[in-house]
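All remarks here apply to the structure that follows.
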Amino acid sequence: MVALDERSRHLRRLVVDALKGGGRGHLGSSMSVVEILRVLYDDVLRYRPTDPLWAERDRFILSKGHGCLALYTLLADKGFFPVDELLGFCRPESRLGGHPEHGKVPGVEASTGALGHGLPIGVGMAIGLRIKQSPARVVVLTGDGEINEGSNWEAAMSAAKHRLSNLIVLVDYNKFQSYGPTSEVLDLEPLTDKWRAFGFAVKEVDGHDTQQLRVILDSLPFDVSRPSAIICHTIKGKGIPFAEGNPEWHHKSGLTETDIRAMYDCLK
Amino acid sequence: MRKTALDCVHELSQSDERVVFIGSDLGPGVLSKMRKESPERWFMEGVSEQHVIGMAAGLAMEGFIPYVNTIATFLTRRCYEQVAVDLCLHDLPVRLIANGGGGVYAPLGPTHLAIEDIAIMRALPNMTVIAPCDAEEMRRLMTATLDWPHPMYIRLAKGGDPIVSEAQNGVSIGRSIRMREGSDGLFITTGVMTQIALESAGLLAAEGLQIAVQHVHTIKPLDEDGLLPAISRVHAVVTVEEGIVNGGLGSAILELCSARDRRSLAKIHRMGIPDAFPKHYGSQQTLLDEWGLTVSGLVTAMRDRLTNGSANE
């Protein structure tokens, strides 16, 4: 397991800033995807922060919308909106709500939060981009609990049928959903075989190892006639030891100053 | 009506490259000409309505205008969250062409009967809900759908319905059409109930009662400014829809009067499908008879309202 470097800790501190501002949030679900988003926005996706609707941008959909603190952090870090706005998370006048909304937050491609919506939308986008002969790609990040929803598998069949090599699914496989371990609530295994059986070219990666992530994401598409899926093995709450793998920290409200201080202490 | 709607999709696809078609698992040969001409814009996605709606949203986000077609219940009940979130929350120009509104699929039983589709679709912000009365009106409406900027639910009737719409009346989304004049009572109708109301009004005229018919092809947005004066001018109003009375056209009219013309509330009587799943099969007519959505049912309702007044209600 690779230790978190300063950039990863910095990004997590921004997530904690937002948690502090809102007094609540999906901490575990956000911390598990920080490195995935970091590598996507640092090294992989093509986008223009000052022109969020640039036609040739890669489309990124955070289908697990409850992980939005990590997305907001990366978008702010890249200049889509001021970093200070993170402090207003979930406040009445803020555009940064508990789930991301298209049209409110620059850089958010689709309003998500209800689970199982991102992949069908991504399939439509990928088909649309192909009709337009656009070089842009569609990247959808789903949760593991999220793929309990059957709509994902309907969309997966369609993506394979249409040979959408411009579509990439990343699964944040932190092995926990709200109630507890995915293996107990609704076991996903054999997960890699499932995606393969549904017609995807599949790879697995340590979702906190930025170097591994970079190498794998640089090799897309894995197959020119199939959509790609990457199973990202992650740790829920990564970087905050008392929250790691602890379902109590899937979502927290009523965060105290002590809680927040303890989180910052973990990220020095 | 369905054939006309799909023919229109084909024609629209020929003149506008933004038009795409998505079916779920329709009958063989559906839109085969479009499939041949524009295979990249024709999709048959299988029995996966949740996915189909999301896919349509994604295509619309990329600038396309998707026309989605399948059985009404599966376009509404099955994927309601997708319709609400993917289409309505994003306010995307996706058109849902819904086969078999009301009792059309009577022989297939309650799983296939779209009784509450109007009610649940009109409950969604940004959604437009239309129910044409015949194939000619469907053709005029389909042309108007192309540049309508919001999601739209298009309810189809059985097909082969008598043509009562008139080209001279035109069609404008969100505007109702005065089909018959009358100063005593008013039928406010949608879909193929308009034909029944027109026939009923004809019979009532023979009794000396002058009954107007206002056809509401667009249930949402409701033609408030067109309907309010029509309602205020008459002594009795009967709303008629082949849909459940909870939340449908009649409810919309009550809501309108509650907000803007409370004095008219007492003269409104709603006719539609009662708050129960149908128990019988047979044909659409079997169910219409059961629900009282017939010429005699309408005649009796209007006559009673005009004869007995609304003092008791």
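The values are calculated or read from the model by the stated rules, or taken from the named source; none is laboratory data. If you're wondering where the values come from, they're calculated on a predicted model, not measured in any experiment. Methodologically, a virtual Cβ is constructed for each residue, glycine included, from the backbone with ideal geometry; neighbour enumeration extends over all protein chains shown.
Here residue B:39 meets the list (1) surrounded by fewer than 23 Cβ atoms within 10 Å (Cβ to Cβ); (2) in contact with a helix residue (DSSP H, G or I) (Cβ under 6 Å, 6 or more places away or on another chain); (3) without any contact (Cβ under 8 Å) to a residue 24 or more places away in the chain almost entirely, failing just condition (2).
Restricting A:194, A:78, A:161 to those that are under 27 Å from residue A:54 (Cα atoms) and not aromatic (Phe, Trp, Tyr) reduces the list to A:78. Just to be sure, is residue B:244 out of contact with any Lys or Arg (no Cβ under 7 Å at 6 or more places or on another chain), assigned by TED's automatic domain parsing to the domain that holds residue B:208, among the aliphatic types (A, V, I, L, M) and farther than 23 Å from residue B:178 by Cα? Against the criterion (out of contact with any Lys or Arg (no Cβ under 7 Å at 6 or more places or on another chain), assigned by TED's automatic domain parsing to the domain that holds residue B:208, among the aliphatic types (A, V, I, L, M) and farther than 23 Å from residue B:178 by Cα), residue B:244 qualifies.
Looking across A:33, A:16, one residue alone is over 27 Å from residue B:86 (Cβ atoms), at pLDDT 95 or above and of a type in the set (Val, Ile, Thr). It is A:16.
Applying the criterion of being aliphatic (A, V, I, L, M) and touching a strand residue (DSSP E or B) at 6+ places or on another chain (Cβ under 7 Å) to the residues of the stretch A:130-146, the residue that is surrounded by the fewest Cβ atoms within 10 Å (Cβ to Cβ) is A:136.
Of the residues making up the stretch A:180-195, those that are without any contact (Cβ under 8 Å) to a residue 12 or more places away in the chain, outside any loop (DSSP other than H, G, I, E, B) and out of contact with any helix residue (DSSP H, G or I) (no Cβ under 9 Å at 6 or more places or on another chain) number 3. Looking across B:47, B:83, B:68, one residue alone is in contact (Cβ under 8 Å) with a residue 60 or more places away in the chain and more than 8 Å from chain A (Cβ to nearest Cβ). It is B:83.
Suppose we keep only residues that are touching a residue at least 24 places away in the same chain (Cβ under 8 Å) and more than 14 Å from every other protein chain (Cβ to nearest Cβ) within the stretch B:15-33. Which one would you say is surrounded by the fewest Cβ atoms within 10 Å (Cβ to Cβ)? Residue satisfying both the conditions and the ranking: B:26. Candidates in the stretch B:71-80 are the residues that are within 13 Å of chain A (Cβ to nearest Cβ) and assigned to a loop (DSSP other than H, G, I, E, B); of these, the one that is surrounded by the fewest Cβ atoms within 10 Å (Cβ to Cβ) is B:78. Would you check if there is a residue in the stretch A:50-61 being more than 14 Å from chain B (Cβ to nearest Cβ) and either more than 12 Å from the chain's Cα centre (by Cα) or crowded, with 16+ Cβ neighbours inside 10 Å (or both)? Scanning the stretch A:50-61 turns up at least one residue that is more than 14 Å from chain B (Cβ to nearest Cβ) and either more than 12 Å from the chain's Cα centre (by Cα) or crowded, with 16+ Cβ neighbours inside 10 Å (or both). Looking only at residues in the stretch A:76-106 that are within 14 Å of another protein chain (Cβ to nearest Cβ) and buried (at least 21 other Cβ atoms within 10 Å of the Cβ), the one that is nearest to residue B:82 (Cα to Cα) is A:100.
Identify all residues within the stretch B:25-69 that are in a loop (DSSP other than H, G, I, E, B), farther than 25 Å from residue A:109 by Cα and of a type in the set (A, V, I, L, M, F, W, C); write none if there are none.
Here is the first cut: in the stretch B:25-69, the ones in a loop (DSSP other than H, G, I, E, B) are B:25-31, B:38, B:45-48, B:62-64.
From what is left, the residues that are farther than 25 Å from residue A:109 by Cα are B:25-31, B:38, B:46-47.
Result: B:26, B:30, B:31, B:47.
Looking across B:296, B:264, one residue alone is over 19 Å from residue B:219 (Cβ atoms) and of a type in the set (S, T, N, Q). It is B:296.
Residue selection: residue A:183 fails the criterion of being of a type in the set (Ser, Thr, Tyr), out of contact with any Pro (no Cβ under 8 Å at 6 or more places or on another chain) and within 10 Å of chain B (Cβ to nearest Cβ).
Could you tell me whether the stretch B:103-118 includes any residue that is on the phi > 0 side of the Ramachandran plot and surrounded by 16 or more Cβ atoms within 10 Å (Cβ to Cβ)? For the stretch B:103-118, residues on the phi > 0 side of the Ramachandran plot and surrounded by 16 or more Cβ atoms within 10 Å (Cβ to Cβ): absent.
Taking residue A:125, is it buried (at least 24 other Cβ atoms within 10 Å of the Cβ) and within 14 Å of another protein chain (Cβ to nearest Cβ)? Answer is yes for this residue. From the list B:54, B:58, the lone residue that is buried (at least 23 other Cβ atoms within 10 Å of the Cβ), more than 25 Å from the chain's Cα centre (by Cα) and facing another protein chain (nearest Cβ under 7 Å) is B:58. State whether one or more residues within the stretch B:282-294 are acidic (Asp, Glu), over 19 Å from the mean Cα position of the chain (by Cα), more than 22 Å from residue B:178 (Cβ to Cβ) and surrounded by fewer than 22 Cβ atoms within 10 Å (Cβ to Cβ). Within the stretch B:282-294, one or more residues are acidic (Asp, Glu), over 19 Å from the mean Cα position of the chain (by Cα), more than 22 Å from residue B:178 (Cβ to Cβ) and surrounded by fewer than 22 Cβ atoms within 10 Å (Cβ to Cβ). Being within 14 Å of chain B (Cβ to nearest Cβ), of a type in the set (Lys, Arg) and in a helix (DSSP H, G or I) is a description that applies to residue A:130. Report, by residue number, each residue of the stretch A:45-82 that is hydrophobic (A, V, I, L, M, F, W, C) and part of a loop (DSSP other than H, G, I, E, B). Of everything in the stretch A:45-82, those that are hydrophobic (A, V, I, L, M, F, W, C) and part of a loop (DSSP other than H, G, I, E, B) turn out to be A:45, A:53, A:54, A:55, A:80, A:81.
When we screen A:112, A:142 for residues that are more than 8 Å from chain B (Cβ to nearest Cβ), assigned to a loop (DSSP other than H, G, I, E, B), more than 19 Å from residue A:46 (Cβ to Cβ) and of a type in the set (S, T, N, Q), the only hit is A:112. Within the stretch A:147-166, residues that are within 11 Å of another protein chain (Cβ to nearest Cβ) and within 19 Å of residue A:129 (Cα to Cα) sit with their Cβ atoms under 7 Å from residues that are among the aliphatic types (A, V, I, L, M) and not in a helix (DSSP H, G or I), at 6+ positions apart or across chains, in these pairs: A:159/A:167.
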